[in-house]
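So the structure is just underneath, and the comments pick up after that.
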Amino acid sequence: MKRILATGATAIALMTGGAAYADFPMDDNITFVIPYSPGGGFDTIVRQFAPAMERAMGTTVVPENISGAGGARGGQSVHRSDPDGYTIGIYNIPGLTVNEVTGKDQGFKLDEVTWLANLAVETYALAVAADSGINSVEDLCAMGQKPKLSDTGATSTASITTRISFAILGCDIVDVTGYSGSNDAMIAVISGEVNATIKPITSLKKYLGDGGSGDLKLILTLTEDEAISGVASATDIGHPELAKFTLNRVIGGPPGIPADVVSALEAGLRAASDDAAVQSWAKSSGVGLKFMGVDATRAMMDDLSSFYQQYKDMVAVSE
Amino acid sequence: MGLDVLFDAFVSVFNGGSLTFLIAGVLLGLTFGVIPGLGGTTALALLIPVTYTLQPLDAMYLAGGVMGATSFGGSISAILLNTPGTAPNAATTFDGYPLARQGKAGMAIGASATASAMGGLIGLFTLLLFIPVAREVVLSFGSAEFFLLTILGLAAIAVSVKGKLLRGLLAACIGLLLAFTGANQFTGETRFTGGINYLWDGIPLVPALTGLFAISQMIELALKGGAVADSEAYSEAKNMKITGVSEGVFAVFKHWPVLLRGSLIGTIIGAIPGLGGTVAAFLSYSSTAQTAKDRDTFGKGNIKGVIAPEAANNAKDGGSLIPTVAFGIPGSAETAVFLGILVLHGIEPGPQILLQNEREIYGLIVALTVSAIGASLLGLIFARVLVLITRIDVNIVVPVVVTLSLTGVYVLEGRMADVAVATIIGIVGYLMIRFDYPRLTLVIAFVLGEIAERSYHQVRLISDDNVMGYMLGRPISVILILATIITFFLPAMRKIPWSKLKRSAS
């Protein structure tokens with residue numbers, strides 16, 4: 001009797017196991033892990049993509065917020081799940097890359113993640129108060145005292161970008177960290193508490209002249225080519241390497257997802273990226289959609305890791 | 001501008017389905033408010049996926065209903081069970097619960113309902129007045145003012161602990177220790193985490209406060225009640241009567257200066273991102289208790305001790321919209337989630353938000369107004385029934401409240417570790433009750449510690465280490481420094497026999 005039961009159980013296990021790959025994604029809902037609380041940038045993009053993925057893949061996609069430890073906890077949760085494609089997540093990149101480079105143990109290794117796609121890339125710009133009389137990076141660095149910049153946490157991507165960029169530019173700055181959010185950091189520039197800030201262009205837009213409040217102006221974009229007309233790019237000031245600093249919306253899954261499931265997920269994400277609703281949302285909110293498939297995403301992740309590796313000493317902060 | 005849109009928004013609320021969403025929000029807000037551990041932020045966070053399918057305005061009505069109703073809901077459990085339903089209601093327990101034990105639960109609920117509604121209205125009225133100058137208000141509060149406000153808060157608490165200065169300071173030190181756990185915003189290093197990466201983000205506020213107030217109180221009740229039905233706590237609960245609801249309503253109007261001051265403190269603190277209702281309610285309570293002639297009766301069942309925190313607590317909702325209308329940034333955890341809902345509907349929060357999304361913002365203001373009044377009316381109607389909670393055997397109350405509040409703590413982020421934190425701090429809280437250490441100083445130090453440290457570092461960097469000189473050059477900073485000095489010397493100044501001095505002078 002025992003043997004029959006055991007055989008039966010094995011048979012069922014084999015059947016369901018085999019079916020999971022063949023019928024993906026029809027056996028279950030796809031859980032899409034967001035490593036932050038509802039309402040932020042990571043949460044919003046996933047909640048916009050989820051219904052479009054449902055339309056493309058014909059299955060239910062359930063966003064789940066698992067916040068904590070600067071995005072590491074959500075990553076860990078994805079890492080521990082079964083590699084059947086039914087659990088995927090969005091990753092805090094390059095935040096997690098930087099943590100790894102500085103030797104922080106986040107409970108999983110980024111090179112073990114099954115990278116699926118990159119959905120969007122946000123680029124940075126340097127902004128000053130519109131009425132400040134500062135019109136270029138040289139003006140800012142020649143103020144007679146160290147320019148002060150505002151940031152959220154010392155380990156935030158924007159703060160790391162700020163410190164490395166100005167080190168590359170050979171300009172001594174004071175990075176005033178501790179603002180509660182990037183909006184508060186930008187308002188500190190408007191109120192004159194600090195001189196400048198480096199933030200994603202999409203966040204800065206609402207304070208700029210064209211269609212925004214006109215409180216801030218850009219003096220540099222961290223891009224290879226001119227991103228905003230009349231504003232110098234990284235190439236213009238002779239430091240194209242500054243264009244490497246971006247904020248990415250990267251999707252991945254646990255190690256060891258079978259190749260056919262990876263392709264199905266990649267196709268689903270790509271279709272969602274082309275979805276009319278997602279496109280119109282991106283247009284209205286100014287999010288820079290930039291779809292990259294599995295191979296390109298993997299290459300980008302390796303690239304980022306070696307990029308931050310060379311600035312390891314600047315990334316690590318101390319008082 | 002403004003007024004026609006406001007009027008339109010009022011009309012549209014009472015048209016069609018909008019009212020349904022608003023009422024649903026009020027009921028949800030009351031329920032989440034009454035249950036310790038669950039609060040407005042939890043309710044809104046849980047609602048986010050639901051609002052996804054709604055029209056933006058209906059989503060606003062739902063959110064506004066929730067935001068306006070939770071704090072009054074929370075005062076009910078604070079008064080009846082000595083367990084604040086939401087964190088800001090903690091200050092309401094100090095006089096609300098003694099009143100309930102004296103059989104005046106009805107009066108306390110009546111006062112809380114009225115103070116909540118009036119506070120909410122005053123806060124929103126102030127907001128409307130402030131809208132034209134909201135920008136200047138927000139820009140004039142920088143890191144220096146943040147730092148000085150936290151110092152004022154800590155000073156107010158330090159002097160409010162009468163006769164227990166050393167115990168109060170010890171508790172405050174524990175509060176600071178808890179506040180400094182996690183990643184240091186300046187060095188990026190982690191402190192006191194013991195290698196546990198759950199602690200990277202610090203000790204979360206809601207589980208900590210739930211433990212300190214709800215769980216500890218339940219341990220206290222359970223131990224007092226014991227297996228004997230006729231125990232002290234049980235008979236106390238049995239003797240409670242629900243009379244004097246109208247007496248409580250009138251008390252609010254009789255003590256209108258308390259109501260006004262509370263509402264003003266609530267609005268101002270609400271306008272400063274990061275401080276929030278808990279600080280507003282405590283500051284309002286302690287400033288009322290400090291300046292009252294009958295200050296010795298505070299903590300023993302003074303109705304003003306209910307009015308002050310509840311008015312502040314509700315006025316803060318209006319205040320927290322000041323930074324929102326000025327710059328599209330949140331003034332409180334609730335408005336942060338509310339802005340998240342806007343983002344989901346394709347609306348980008350920013351300095352132009354009032355121009356571009358007038359309907360949504362005014363819709364929210366109307367929803368908050370209707371909700372504040374509606375929740376209080378519901379509270380007054382059901383007060384008699386609600387008070388029956390206190391007549392239920394503690395053997396039933398304790399397991400229900402513990403289960404609900406720990407579930408609430410878990411639901412917020414889905415982390416089991418949060419439940420562990422609530423339980424551990426609950427035991428610490430019980431020990432503090434048992435050995436007569438004030439939990440108040442711990443909470444305030446915990447809430448303000450991180451902001452104080454962070455803003456001090458910022459001022460140091462901004463001022464090139466000339467902290468005092470920088471602050472003295474800023475008018476609001478100077479006012480706050482003076483207020484702090486006055487707070488410190490008030491108790492000493494009271495001891496001076498002024499009348500005698502006058503006589504001897506003449």
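The values are calculated or read from the model by the stated rules, or taken from the named source; none is laboratory data. Small disclaimer: the values here were computed from a predicted structure and weren't measured. Quick reminder, even Gly has a Cβ in these numbers, built from the backbone with ideal geometry, and neighbours come from all protein chains shown. Side chains included, ligands, DNA and RNA excluded: accessible areas come from the protein's heavy atoms. Shrake-Rupley method; radii C 1.70, N 1.55, O 1.52, S 1.80 Å.
With respect to B:Lys293, is the statement that it is surrounded by fewer than 24 Cβ atoms within 10 Å (Cβ to Cβ) and in contact with a helix residue (DSSP H, G or I) (Cβ under 7 Å, 6 or more places away or on another chain) true?
It is false that B:Lys293 is surrounded by fewer than 24 Cβ atoms within 10 Å (Cβ to Cβ) and in contact with a helix residue (DSSP H, G or I) (Cβ under 7 Å, 6 or more places away or on another chain).
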Checking B:Ile109 against (1) touching a strand residue (DSSP E or B) at 6+ places or on another chain (Cβ under 9 Å); (2) over 27 Å from B:Ser75 (Cβ atoms), the condition it does not meet: (2)
Candidate set from segment A:99-116 (those that are facing another protein chain (nearest Cβ under 10 Å) and either assigned to a helix (DSSP H, G or I) or free of Cβ contacts under 8 Å to residues at least 40 places away in the same chain (or both)); member that is nearest to A:Leu247 (Cα to Cα): A:Asn99
From B:Gly153, B:Gly182, B:Gly175, residue being open to solvent by less than 20 Å² (accessible area, probe 1.4 Å) and at pLDDT 85 or above: B:Gly175
Segment A:123-136, residues that are touching a Lys or Arg at 6+ places or on another chain (Cβ under 9 Å) and away from chain B (no Cβ under 14 Å): A:Tyr124, A:Ala125, A:Leu126, A:Val128, A:Ser132, A:Ile134, A:Asn135
Hits in segment A:65-95 (condition: facing another protein chain (nearest Cβ under 8 Å) and either among the β-branched types (Val, Ile, Thr) or surrounded by fewer than 17 Cβ atoms within 10 Å (Cβ to Cβ) (or both)): A:Ile66
Meets criteria (closer than 20 Å to A:Thr59 by Cβ, surrounded by 13 or more Cβ atoms within 10 Å (Cβ to Cβ) and either within 14 Å of chain B (Cβ to nearest Cβ) or not polar (S, T, N, Q) (or both)) for A:Val315: no
Options B:Gly262, B:Gly248, B:Gly168: the member that is in contact with a helix residue (DSSP H, G or I) (Cβ under 7 Å, 6 or more places away or on another chain), at pLDDT 90 or above, surrounded by 21 or more Cβ atoms within 10 Å (Cβ to Cβ) and part of a helix (DSSP H, G or I): B:Gly262
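Give segment A:96-109 a look and list any residue that's under 17 Å from A:Ile251 (Cβ atoms) and either at pLDDT below 85 or crowded, with 21+ Cβ neighbours inside 10 Å (or both), or say none.
Listed by number, the residues that qualify are A:Leu96, A:Thr97.
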Unmet criterion (only one of (1) touching a His at 6+ places or on another chain (Cβ under 7 Å); (2) surrounded by fewer than 23 Cβ atoms within 10 Å (Cβ to Cβ); (3) at the interface with chain B (Cβ under 8 Å from one of its Cβ atoms)) for A:Gly178: (2)
In segment B:44-66, the residues that are open to solvent by 30 Å² or more (accessible area, probe 1.4 Å), in contact (Cβ under 8 Å) with a residue 24 or more places away in the chain and among the hydroxyl-bearing types (Ser, Thr, Tyr): B:Tyr52
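Is there a residue in segment A:242-253 that is over 23 Å from A:Gly71 (Cβ atoms), assigned to a loop (DSSP other than H, G, I, E, B) and of a type outside the set (A, V, I, L, M)? Walk me through it before giving the result.
Quick first cut of segment A:242-253, residues over 23 Å from A:Gly71 (Cβ atoms) only: A:242-243.
Filter once more, so that each one left must be assigned to a loop (DSSP other than H, G, I, E, B): none.
No, segment A:242-253 contains no residue that is over 23 Å from A:Gly71 (Cβ atoms), assigned to a loop (DSSP other than H, G, I, E, B) and of a type outside the set (A, V, I, L, M).
Can you give me the number of residues within segment A:121-157 that are closer than 16 Å to A:Ala234 by Cβ and of a type in the set (Gly, Ala, Ser)?
Adding up the residues that qualify gives 3.
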Considering residues of segment A:227-254 that are at pLDDT 90 or above and charged (D, E, K, R) only, the residue surrounded by the most Cβ atoms within 10 Å (Cβ to Cβ): A:Arg249
Odd one out for A:Glu54, checked against (1) open to solvent by 20 Å² or more (accessible area, probe 1.4 Å); (2) assigned to a helix (DSSP H, G or I); (3) at pLDDT below 90: (3)
Odd one out for A:Ile257 among (1) in contact (Cβ under 8 Å) with a residue 40 or more places away in the chain; (2) open to solvent by 40 Å² or more (accessible area, probe 1.4 Å); (3) part of a loop (DSSP other than H, G, I, E, B): (2)
Subset of segment B:311-359 that is within 22 Å of B:Gly262 (Cα to Cα) and facing chain A (nearest Cβ under 9 Å) - its residue that is modelled with the highest pLDDT: B:Pro323
Restricting segment A:163-175 to residues that are under 23 Å from A:Thr97 (Cα atoms) and within 13 Å of chain B (Cβ to nearest Cβ), the residue that is most open to solvent (accessible area, probe 1.4 Å): A:Arg163
